[in-house]
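Okay, so here's the structure we're looking at.
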Amino acid sequence: MDILSIVGIIGAIGAILTGMTIEGGNVNSLINLPAFIIVFGGTIGAALLQSPLKLVKKALQMLPRIFNPPSKNLAEQSEKIVGFSMQARKNGLLGLEPQIEVEDDPFMRLGLQLLVDGCQPTVMRDILELELSAIEEHELQAAKVFEAMGGYAPTIGIIGAVLGLIHVMQNLADPASLGAGIATAFVATIYGVGSANLLFLPAFNKLKTLTLSMSQGREMLIEGFNSIAMGENPRIIEIKLSSYVNN
């Protein structure tokens, strides 16, 4: 569980509401269903129009990472690679075949499979780097769905504000209805700007950071598998991988 994400959201929203309360405002005045429907419905619709279905699905799958990021223990991965190299020196590359079935990480399984198949080191590196590039690009494109929502939300908030003002202008003769229209106008703007800067854009940047961090771990795996394929000494492999672990 990423406590910083929870603290960040609660802290940001709480600071705004606390400041509003101190100034004598009423938090209930920020609850406006028409403004909510306009801003969030319009933002989601625009993002769906822009993005292919597979990216939207991937974005939703990645969303839990904000609060529960994938574990990335580079030291543990390094120890595992060194263990693979020792096993390969003792039993040959075919001795790594049982490890393929017990590994949960698809990228790790691919590397082990290439080793067992006797793939040449240069070919193995090319295959794994292409796989890494494809994974990284797909995840970054999926994360950009939230970046797009962060871009659309403020503009749609302005649309909601204009719609509210239109309602006000159409009912100038009815003072009782003016308050609702003005409230929708201002609250829609708050929803648009607030959701963009407190939710959508931070979510995009967090997912982008996590994706790049996971890529670093996969780069370490590529170096380790390539070293095993070249028959390097396990101690040399451990020294090589330590640069990833210590940085």
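Tabulated values for the structure
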quantity	calculated
Kyte-Doolittle at least 1.0, axis length at least 20 Å by Cα - qualifying DSSP helices, the chain	3-22, 178-195
Residues T209 and S29, FRET efficiency given R0 of 30 Å [Cβ-Cβ distance, rounded to 0.05]	0.25
Highest to lowest packing among 235-244, 136-145, 2-11, scored as the average C-beta count within 10 Å	136-145, 235-244, 2-11
Mean ellipticity per residue at 222 nm, deg cm²/dmol - from DSSP H runs of n ≥ 4 across the chain, formula -39500 (n - 2.57)	-25500 deg cm²/dmol
DSSP-loop chymotrypsin sites (Phe, Trp or Tyr not before Pro) across the stretch 4-86, with at most 15 other Cβ within 10 angstrom	F67
Pairwise Lys count, the chain - Cα closer than 27 Å, eight or more residues apart or different chains	24
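Read the figures in this text as sums done on the coordinates, not as results from a lab. The shown structure was predicted, so the numbers you read here are calculated from the model rather than taken from an experiment. Backbone-built Cβ (ideal geometry, glycine too); neighbour counts: all protein chains shown.
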